[in-house]
1. Could you tell me whether D189 is over 26 Å from the mean Cα position of the chain (by Cα), open to solvent by 80 Å² or more (accessible area, probe 1.4 Å) and more than 14 Å from the ligand (Cβ to nearest atom)?
2. Answer yes if at least one residue in the stretch 162-181 is touching an Asp or Glu at 6+ places or on another chain (Cβ under 8 Å), without any contact (Cβ under 8 Å) to a residue 24 or more places away in the chain and not assigned by TED's automatic domain parsing to the domain that holds P37, and no otherwise.
3. Spot the failing condition for A28; the list is (1) hydrophobic (A, V, I, L, M, F, W, C); (2) in contact (Cβ under 8 Å) with a residue 24 or more places away in the chain; (3) over 17 Å from I111 (Cα atoms), and only one is missed.
4. Considering only residues that are of a type in the set (A, V, I, L, M) and open to solvent by less than 50 Å² (accessible area, probe 1.4 Å), look in the stretch 122-167 and name the one that is nearest to the ligand (Cβ to nearest atom).
5. Hey, P113 hits all of (1) touching a residue at least 40 places away in the same chain (Cβ under 8 Å); (2) open to solvent by 60 Å² or more (accessible area, probe 1.4 Å) but one; which does it fall short on?
6. Just the residues that are open to solvent by less than 60 Å² (accessible area, probe 1.4 Å) and either farther than 19 Å from P113 by Cβ or touching a Phe, Trp or Tyr at 6+ places or on another chain (Cβ under 9 Å) (or both), please, taken from the stretch 24-38.
7. Would you check if K66 is surrounded by 11 or more Cβ atoms within 10 Å (Cβ to Cβ), outside any helix (DSSP H, G or I) and charged (D, E, K, R)?
Amino acid sequence: MSEIVARIGLAVMLMPITALVWTIASYAFIYNGNWPPSAMSVVSVWVFVYAFVATYWICLWKNVVKWTESRIRRSWVVTALALFAGVVACSCFTIFLKQNLAEAMLGIGQIVPVCWILGTIIVWKETPLERIERLNLYNRRSVHCPACQYNMTGLSETRCPECGKSFTIDELFVAQQDQQLDLEDRQQDLEEQQQDLRDDCNPSAG
Ligand SMILES: [Zn+2]
């Protein structure tokens, strides 16, 4: 299992594990015989669950995401918006469905982690430029089969174990250079596109 597959597996497991954490927290904070529960006990459950989801999700992706200043700032904005969505949803439930606050929070509290995770996926996703930079770094250290792109780094022979084709050392070297040039071209194109976009946004500056 490659690392990324393991990460995706753990990401998928977040939902059932969170359901389990929610059940445990509910038994700990709510089910003491009183119904409807106090608003405070429901808040305790959700604080516990939100903290768990945030810790799990951040630990899962912290080494993969490039933590630029703007990305950290946007992550805080996402957090604030998710909490705000929770407040709005609870207000709607109490006002329009005439539920008491504790029941409303119990019913719709999961909207906060759902919004937060969707938001972080958008904010944490690498930009096309970051992707090229990452591939550039990767390609500088690696040799790929010119025929099938299999990573041949570290092999002691010039025959690709994946597709079986043999190459001379200079063929592999030329292929590596081409790959590098291709990536640099794409990086330059993207940078030019971004510059054009910026120029379009404020024509007075140009
Ligand atoms: Zn090959």
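1. On the way: over 26 Å from the mean Cα position of the chain (by Cα): no; open to solvent by 80 Å² or more (accessible area, probe 1.4 Å): yes; more than 14 Å from the ligand (Cβ to nearest atom): yes.
Judged against the criteria, D189 is not a match.
2. Taking the stretch 162-181 as the starting set, the residues that turn out to be touching an Asp or Glu at 6+ places or on another chain (Cβ under 8 Å) are none.
Looking for residues that are touching an Asp or Glu at 6+ places or on another chain (Cβ under 8 Å), without any contact (Cβ under 8 Å) to a residue 24 or more places away in the chain and not assigned by TED's automatic domain parsing to the domain that holds P37, one finds none in the stretch 162-181, hence no.
3. (2)
4. Once the filter is applied, the top-ranked residue is M152.
5. So P113 meets the others, but not (2).
6. A25, P37
7. On the way: surrounded by 11 or more Cβ atoms within 10 Å (Cβ to Cβ): yes; outside any helix (DSSP H, G or I): yes; charged (D, E, K, R): yes.
For K66, the condition - surrounded by 11 or more Cβ atoms within 10 Å (Cβ to Cβ), outside any helix (DSSP H, G or I) and charged (D, E, K, R) - is met.
Listed here are the residues, each with its yes/no results for (1) in a loop (DSSP other than H, G, I, E, B); (2) modelled with pLDDT of 85 or more.
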residue	(1), (2)
I132	no, no
S142	yes, no
P146	yes, yes
T153	yes, yes
C163	yes, yes
L183	no, no
E192	no, yes
Q195	no, yes
D199	no, yes
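The values are calculated or read from the model by the stated rules, or taken from the named source; none is laboratory data. Fair warning: this is a prediction, and the values are worked out from it, not measured in the lab. Glycine also receives a Cβ, built like all others from the backbone with ideal geometry; neighbour counts cover every protein chain displayed. Remember, those area values only see protein heavy atoms, side chains included, never the ligands or the DNA or RNA. Shrake-Rupley method; radii C 1.70, N 1.55, O 1.52, S 1.80 Å.
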